[in-house]
Amino acid sequence: LTAFEADGLPSAEEMEASVARDIEKLKMLQNSDGGFPYWRHGQDSIPFNTIHVAHALQRAQLKGFNVPQNMQAQLLYHLQNIESHYPYWYSQYTRQTLSSYALYVRNLMGDRDTAKARDLLNEAGLEHLSLAATGWLWQVLTDDSNSKAELEAIRLYVNNRVVETAGAANFTTSYNEQDYLLLSSNRRTDAILMDALIGDNPESDLIPKLVNGLLAHRTKGHWGSTQENIFVLLALDRYFNAFEAQTPDFVARIWLGDTYTGSHTYEGYSTERHETKIPMSYLMDATTGGTQNLILDKEGPGRLYYRLGLKYAPTNFNLEPLDMGFVVMREYEAVDDADDVYRDEDGVWHIKAGARVRIRITMVADNRRYHVALVDPLPAGLEIINPALAVSGDVPQDPNDTNYRYGWWWWGTWYQHQNMRDERAEAFTTLLWDGVYTYTYVARATTPGTFVVPPTKVEEMYSPEVFGRSGNDWVVVED
């Protein structure tokens, strides 16, 4: 944060004073058994709280803060015997996750116990451990010569649970009914595994994609909880120190074949992006005699990130549906009279002039998607009835709307914002979980004629390689 001069960041003196105060408060809260309760000294020590405080204090000590030695010694002894502090009703899953976290923190404290980590891994089995527990054990076992088989099994298991798109990645997770004891979340798991991957295989192409996935989950600069903030920032800090410790001071240049296309100078840390555009007409002309190499050159220290993309247009109107991250389907439905809209045997939609039509878009995302935009072009003979305008009149309730059928529980929509324009409807959301979603709006058939309708398209706005479209449609508005 200091490298990027983040807005609103307190001074170093203020932050150091705050950490020192927190350490003193924790010292007063510690129980005689070395553990930590929820609220007051003397209440029952809570296993997760104790491990988490030990983690925080060790992180502070590694940054040069003064942590009382006896406080750390009591905590370490508690962690070494953490299993004796579990309540009887903790499930095996919860116990294994807590023990994995304790082993990870002990490793940070210089008390590496690879034998216990291997025993836990082999007794539980990877398929029965949470991914967070796997990530913590992974970091304990990294570079241990006696754990080669376990490390290979972890790598294979984790790689089988990653979902990648063109620019981002995340892990598929499942949760247990006692996860409230562990404060689990998807982003925390992604961060823990990314942290482990940096330590085990810093050359992995997956690491930058995991960074993009984590950054895409931010809302106003932070994540969904303090737990997510902590572990994501720790993982990003490790990433920064591993790959971006050198202050950028370089020039990036691009050539297409022998043709110089542009350059840019980078000095200091920045989140700015710069584009070099090459017209499609030039590409078509330049490749007449064959393909050409695209050459990127960097001169000077620092890490360069780049993305290559190609915008293209179809050469005909007959487009089939395409799934490159989204499955998209579009239907036209009658609103007032079932006979107002029908589809013939050739797939052409027929709409009665003057009738109201509900356009229904169904999309399927098989994994988390970020900064999603849905755009549905309107047939030229139809006009959207915008319920936000007073002159539009009432728009009838969709009889298939789950919001309507199930009452208060389904009060919201998947999209955060929508635009109803003259020629298209648009819907946007920052984050879309895997699942099936619908978007509907109502239009009126105002102009008779035969119209070709471009496909509905859904894409990640900042990774447009992740997209999907319906097929194009033919619509006939007739009297």
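The values are calculated or read from the model by the stated rules, or taken from the named source; none is laboratory data. Just so it is clear, the structure is predicted and the values come from calculations on it, not from any experiment. With ideal geometry, Cβ positions are generated from the backbone for all residues, glycine too; neighbour counts draw on all protein chains shown.
A compact table of results
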{"read-out": "Filtered residue count, the stretch 340-349, keeping only those that are part of a loop (DSSP other than H, G, I, E, B) and not hydrophobic (A, V, I, L, M, F, W, C)", "value": "4"}
{"read-out": "Some residue of the stretch 4-19 being under 28 Å from Leu181 (Cβ atoms), out of contact with any strand residue (DSSP E or B) (no Cβ under 7 Å at 6 or more places or on another chain), touching a residue at least 12 places away in the same chain (Cβ under 8 Å) and assigned to a helix (DSSP H, G or I)", "value": "yes"}
{"read-out": "Test: residue in the stretch 377-390 that is under 26 Å from the mean Cα position of the chain (by Cα) and modelled with pLDDT of 95 or more", "value": "no"}
{"read-out": "Subset of the stretch 108-141 [over 30 Å from the mean Cα position of the chain (by Cα) and of a type in the set (D, E, K, R)]", "value": "Asp111, Arg112, Asp113, Lys116, Arg118, Asp119, Glu123"}
{"read-out": "Candidates Ser84, Ser45 - the one that is assigned by TED's automatic domain parsing to the domain that holds Lys27, at pLDDT 95 or above and out of contact with any Pro (no Cβ under 7 Å at 6 or more places or on another chain)", "value": "Ser84"}
{"read-out": "Within the stretch 237-265, tally of residues that are among the aromatic types (Phe, Trp, Tyr) and free of Cβ contacts under 8 Å to residues at least 12 places away in the same chain", "value": "1"}
{"read-out": "Strands (runs of 3 or more DSSP E) wholly inside the stretch 417-478 containing at least 1 residues that are surrounded by fewer than 16 Cβ atoms within 10 Å (Cβ to Cβ)", "value": "417-420, 424-432, 435-445, 449-453, 463-469, 473-478"}
{"read-out": "Long-range neighbours under 8 Å by Cβ, at least six apart or interchain, first residue farther than 17 Å from Lys457 by Cβ within the stretch 311-340, second among the small types (Gly, Ala, Ser) and not in a loop (DSSP other than H, G, I, E, B)", "value": "Asp340/Ala334"}
{"read-out": "Count of the stretch 170-183 residues which are buried (at least 19 other Cβ atoms within 10 Å of the Cβ) and within 18 Å of the chain's Cα centre (by Cα)", "value": "2"}
{"read-out": "Test for Leu126: is it of a type in the set (A, V, I, L, M, F, W, C), surrounded by fewer than 23 Cβ atoms within 10 Å (Cβ to Cβ) and either without any contact (Cβ under 8 Å) to a residue 12 or more places away in the chain or under 23 Å from Phe231 (Cα atoms) (or both)", "value": "yes"}
{"read-out": "Which numbered condition Asn31 misses (of (1) within 30 Å of Glu152 (Cα to Cα); (2) in contact with a Ser or Thr (Cβ under 6 Å, 6 or more places away or on another chain))", "value": "(1)"}
{"read-out": "Residue within the stretch 173-190 that is in contact with a helix residue (DSSP H, G or I) (Cβ under 6 Å, 6 or more places away or on another chain), part of a loop (DSSP other than H, G, I, E, B), closer than 21 Å to Trp433 by Cα and hydrophobic (A, V, I, L, M, F, W, C) present", "value": "yes"}
{"read-out": "Which numbered condition Leu79 misses (of (1) in contact (Cβ under 8 Å) with a residue 40 or more places away in the chain; (2) on the phi < 0 side of the Ramachandran plot; (3) in contact with a helix residue (DSSP H, G or I) (Cβ under 6 Å, 6 or more places away or on another chain))", "value": "(1)"}
{"read-out": "The listed residue being among the charged types (D, E, K, R), closer than 22 Å to Tyr370 by Cα, in contact with a Phe, Trp or Tyr (Cβ under 8 Å, 6 or more places away or on another chain) and in contact (Cβ under 8 Å) with a residue 60 or more places away in the chain, out of Asp200, Asp195, Asp190", "value": "Asp195"}
{"read-out": "Some residue of the stretch 200-213 being in contact with a Gly (Cβ under 8 Å, 6 or more places away or on another chain), in a helix (DSSP H, G or I) and not β-branched (Val, Ile, Thr)", "value": "yes"}
{"read-out": "Residue check, Val105 within 28 Å of the chain's Cα centre (by Cα), among the β-branched types (Val, Ile, Thr) and under 22 Å from Ile207 (Cα atoms)", "value": "no"}
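Each row is one residue, and each column tells you yes or no for (1) in a helix (DSSP H, G or I); (2) within 35 Å of the chain's Cα centre (by Cα); (3) closer than 21 Å to Gln139 by Cα; (4) hydrophobic (A, V, I, L, M, F, W, C).
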residue	(1), (2), (3), (4)
Ala60	yes, yes, yes, yes
Gln74	yes, no, no, no
His78	yes, no, yes, no
Ser84	yes, no, no, no
Pro87	no, yes, no, no
Tyr90	no, yes, no, no
Arg95	yes, yes, yes, no
